[in-house]
Each structure stands twice: as C-alpha cells, then as structure tokens.
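Chemist: Quick one: structure below, then a few questions.
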Amino acid sequence: MLPLDGDADVERAPIRLAEVLEVRLPLLRPFVTGFGVTDQRHTVLVHLVDEAGLEGWGEGPALDHPYYLPDTTASTFAVARDYALPLALAMGSPGSAGPLAVHEAMTPRIRGNTFAKAGVEAAFWALEAARLGVSMRALFGGHRATAPVGESLSITETLEETLEEVSVRLGEGYRRIKLKIQPGWDIDVVAAVRELVGPDVMVQADANASYSLDDADALARLDEFDLACIEQPLGWDQLLEHAELQKRIATPVCLDESLRSLDDVRRALDIDACRNVNLKPSRVGGITESLRIAALCAERGVPLWCGGMMESGIGRASNLALCSLDAFTDPADMSPASVLFEGDLVDPTYEVKADGTIDIPTQPGLGFDVRVDRVEARTVNHAVVGV
Ligand code: OSB
Ligand code: MG
C-alpha cells in the first residue's frame, strides 16, 4: 500500500529551524563521464528541527555544472532557499504540513528545479518518519529488508583499469556492472567486459546523452553483448528520437535525464521511447513523484531501478528506503560512500554486503545518524530560512 492517499494524522510541533546548506565532499577518485570530470562533490542539504527536537534531513544532489541537466548546485541552493522551503513552510503554521502537502505546495508552482523540490520534500519525509516513530521504509510502504546494488564505473584511462575494477566489484558481490560509455569508448569496452564476465553477469551501459540518432547503427552493434539496457543514449530532451532509436536496436533503452516527472515516464512508455526506467528521486522532484512512478512501472511491468547522483548518505537514505518497494526489479546504483568520499555525512554509513545487497534501515526517521561535525566542517554556503 503506497502512502499516497493523504498525510498521516499526526501531531506536528512547529518547526523552529529550517536551513539550507551547500557542502563540499572531496571524492576519493575523480568520477569521469561523458559530461566531464568531477573530483569534489558539491551537494545541497536541507535541515529541519521542530519544537519537539525532532529533525529531518534531505538532499538535493544536483551537479556543480549544467552538463547533466539544467539544475546546478548553485541553482538548487538558491531555489530551495528562496522558493521551495518558504512555500513548504507557508503551509499552515510552520511545520504543520506533512510531506504530501509540502509536495502539493511546491510542485504545481515551481517549474523544473526538481532537485531543490526533492531536497526540501525529503527533509519533510524524514521528519514525518521521526514524528511517527517509524522508518522511512515503513512510511513508503516497502517490505524488502535489503536492496541489491550494482556499481556505476566511470570512464578510465585504459581498458585494463576498467577490467580490473569490474573484477574487484564482482568479487565483492556487486550484482550488476554499469559502464559509462561515449563515442570512442563504447564497443571495445563493452565487448571486453562481456568477454571477462561471461554471459551470466548483468551488464549495462550509460551514455549520458553523448550520441545522436545518426549513431543508431553504431549503437545497434552493442546488441550482441546482451546488455540489460543502454541508458540515455541521446539528448536529455529527445524523447521522440529515443523512440525512433528503440525501433532500430534490440537492447532496451533506459532513460535517465529525459525523465523528470510522472508524466515524462508515462509519455516515454506510451511511445516506446524506453523499456527500462532509471528512477532518481531527486531528478523527478522527490519521493511523492517517485512513489507514483514506481506504481506506474509496476502496473505496466516495466523493469525499474533506483539510480544515484553520488549522494551523501543523507540522500542515499531515502533512496534506499524507496528500494524496499517491490516495484524495484533491478539493482540500484548505490556505490557506498566508503568508495566515493573521504568520510560520509552519516555514521555508521551503509555498506555493500558480500551478497551484493545493502541493509535498508528500520530505525525511525532518516535511519542513519548524521555527523553534524562533518556537515559543519564541509559547509561552504549556508542560509537560514525564516519560519
Ligand atoms: O548518469 O547515472 C548517472 C552520477 C552522477 C550523475 C549522473 C549519473 C551518476 C551515476 C550514479 O552514474 C553513480 C552513483 O550514484 O553511485
Ligand atoms: Mg545515467
């Protein structure tokens, strides 16, 4: 049962602190994709505290630059501070609104800016879970205790480096390998990885919008490697072109950048622009929209998995809780913070177990303890929003 019928009937103490923070998390290794190299992860946090002392943390993990989607860290920080959080707080007396009402307050008014809305909404979901004394998993209506995960491998200097990393991750139990590809780094790397892992390992590719429809024949050559899907081969706004491409290749197209709302997903499925869905809650404007997308994919029998934005543990917490829903059929992109950052913002952080799964927390609220000292040490921009 999804919690979409209305907010719970719960006592909500007024919110006494609402703040937006930009934090800088140094990456252990640069992350290289078709849109560039990142070695510092700048992300946006939303923090709420109510008069009863209960807290909610959320994350709006846009990237620094507008090369993935129009949203950036700076735009997300500004829109969360100036519009999303003020609209959320203006619902009733400050803090009297539940997360669904907060979603309704922001979504029809703020165009785009999904990462800002998602960060604010996530903080209200975590706070709601704390107020109800339940886990986010229970609040979202999920039953699974663990989430299977895969790794998203960045583009490396040499093929050997990629093959080495694939072996390490499969040895550690990861359930699926996702290779970042771009023109010039595609067929050879996919062929070499398939050869290395054999026919039974789940392999997929993510192009981050680096091809055009003119490359359809080249992309069709990937068909022989039995990829679970090819993610976002074409431009971020090229829905019709993806439908055309899907007619010309056998590999299922998966969309990431192109899906920013429930309506986007419905349209994409209706025109066969994709046969596989990467759901990033922050990219679609939050948990509420994600629950609706999960229900749609389940209804239509579409393979669904939870993508990642290299969130800190704060952002991963709500993603992980979402993975407890049966609608998620395929492994999530959820490399642990220990692989990504010098130290996560939650402690203890989540880890991938030897069976390639992550335990989904059952503690009330966010499900993890936030390391406020680390958040403070890494904050580069901070704004308190009046309540
Ligand atoms: O395209 O899926 C993507 C990270 C940042 C921006 C875009 C993408 C990614 C990933 C996810 O590949 C990796 C992760 O979060 O573990
Ligand atoms: Mg992607």
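The values are calculated or read from the model by the stated rules, or taken from the named source; none is laboratory data. Every value quoted in this text rests on a predicted model; they were computed, and no experiment measured them. FYI the Cβ positions are ideal-geometry reconstructions off the backbone, even for glycines, and counts take in every protein chain you see. Just the protein is used for accessible areas: all its heavy atoms, side chains included, with ligands, DNA and RNA removed. Shrake-Rupley method; radii C 1.70, N 1.55, O 1.52, S 1.80 Å.
Chemist: Any chance you could check the Cα centroid distance between the stretch 59-132 and the stretch 267-311 for me, in angstrom?
Modeler: Answer, in whole Å: 19.
Chemist: Further question on the same structure: State, as an integer percentage, the relative contact order of the stretch 96-179 based on alpha-carbon contacts under 8 Å between residues 6 or more apart.
Modeler: 24 percent
Chemist: A follow-up question, please. Using the basic label-point model (7 angstrom from Cα toward the beta carbon), what is the L159 to Y67 distance in nanometres?
Modeler: Once both label points are built, they end up 2.5 nm from each other.
Chemist: Only Cα pairs under 8 Å and at least 6 apart count here; give the relative contact order of the chain as a rounded whole percent.
Modeler: 23 percent
Chemist: Once you have the Cα-Cα distance between E244 and T379, take 0.36 nm times their residue separation minus that, and quote the gain in nm to one decimal.
Modeler: 44.1 nm
Chemist: Next question. What chymotrypsin sites (Phe, Trp or Tyr not before Pro) in the stretch 172-248 are in a loop by DSSP, with at most 15 other Cβ atoms within 10 Å of the Cβ?
Modeler: Here no loop site has a sparse enough neighbourhood.
Chemist: Quick check on packing: order 135-143, 106-114, 54-62 by the mean number of other C-beta atoms within 10 Å, highest mean leading.
Modeler: Highest mean packing first, the order is 54-62, 135-143, 106-114.
Chemist: Separate question: In whole percent, how big is the carbon plus sulfur part of the accessible area of the stretch 1-123, probe 1.4 Å, protein atoms only?
Modeler: 53 percent
Chemist: Every cysteine in the chain with no other Cys Cβ under 4.7 Å from its Cβ, please list them in numeric order.
Modeler: By the Cβ distance rule, which asks for a partner under 4.7 Å, the isolated cysteines are C274, C297, C306, C323.
Chemist: Counting only protein heavy atoms, what percent of the accessible surface of the stretch 288-355 is carbon or sulfur at a 1.4 Å probe?
Modeler: After summing per-atom areas, the C and S share lands at 49 percent.
Chemist: So for the stretch 103-169, considering every pair of alpha-carbon atoms, how many percent are separated by more than 18 Å?
Modeler: 64 percent
Chemist: Could I ask something else about it? Just to verify a number: FRET efficiency for D369 and D39, C-beta to C-beta distance, R0 = 25 Å, to 0.05?
Modeler: Efficiency, rounded to the nearest 0.05: 0.35.
Chemist: Which FRET efficiency, nearest 0.05, do L17 and D359 yield, Cβ-Cβ r, R0 22 Å? Before the final figure, lay out each step's value.
Modeler: Values: r = 30 Å, r/R0 = 1.38.
Given R0 = 22 Å and the Cβ-Cβ separation, E is 0.15.
Chemist: Can you pull the one-decimal nm distance between simple spin-label points at R111 and S96, each 7 Å off the Cα toward Cβ?
Modeler: In this crude label model, R111 to S96 measures out at 3.2 nm.
Chemist: May I ask for the angle, rounded to the nearest 10°, between helix 187-197 and the longest principal axis of the chain, with both axes built from Cα atoms and the value confined to 0 to 90°?
Modeler: 80 degrees
Chemist: Among V102, V372, V197, whose mean-square fluctuation peaks in a Gaussian network model of the chain (Cα, cutoff 10 Å)?
Modeler: Evaluated over the chain, the most mobile residue of the options is V372.
Chemist: Let me ask something additional. Identify the GluC sites (Glu not before Pro) of the stretch 133-220 meeting these criteria: DSSP loop state and at most 16 other C-beta atoms within 10 Å of the C-beta.
Modeler: Sites meeting the loop and neighbour criteria: E157, E172.
Chemist: Can you tell me how the stretch 138-359 classifies by the Cα gyration tensor, rounded, prolate or oblate, using a/c under 1.5 as the rounded cut?
Modeler: Details: a/c = 1.77, a/b = 1.10, b/c = 1.61.
Here the stretch 138-359 falls in the oblate category.
Chemist: Still on this structure: Tell me, what is the FRET efficiency for T146 and R300 to the nearest 0.05, using R0 = 22 angstrom and their Cβ-Cβ distance as r?
Modeler: It comes out at approximately 0.30.
Chemist: In addition: Which whole-angstrom value gives the distance between the alpha carbon centres of the stretch 317-387 and the stretch 189-264?
Modeler: Cα centroid to Cα centroid, the span is 28 Å.
Chemist: Also, I was wondering about something else. So which residue, out of D264, D333, D71, gets the largest mean-square fluctuation from a GNM of the chain using Cα contacts under 10 Å as springs?
Modeler: Highest fluctuation of the listed residues: D264.
Chemist: Report the net charge of residues surrounding A228, where surrounding means a beta-carbon distance below 10 angstrom and charges are Lys +1, Arg +1, Asp -1, Glu -1.
Modeler: -1
Chemist: Report the relative contact order of the stretch 138-359, percent, no decimals, based on alpha-carbon pairs under 8 angstrom and at least 6 residues apart.
Modeler: RCO, the stretch 138-359: 24 percent.
Chemist: Right, something else. State in Å² the accessible area per residue of the chain; use a 1.4 Å probe, count heavy atoms of protein chains only, and round to the nearest integer.
Modeler: Value for the chain: 38 Å² per residue.
Chemist: As a test, work out the antiparallel percent of DSSP beta bridges whose residues both lie in the chain, rounded to the nearest 5.
Modeler: Antiparallel bridges: around 60 percent, rounded to the nearest 5.
Chemist: Just want the answer: with Cβ charges of +1 for Lys and Arg and -1 for Asp and Glu, which residue in V134, H42, L234 is farthest toward the dipole's positive end in the chain?
Modeler: Selected residue: V134.
Chemist: Compute a Gaussian network model of the chain, connecting alpha carbons closer than 10 Å, and tell me which residue from F341, F77, F124 fluctuates the most.
Modeler: Checking each option, the largest mean-square fluctuation is seen for F341.
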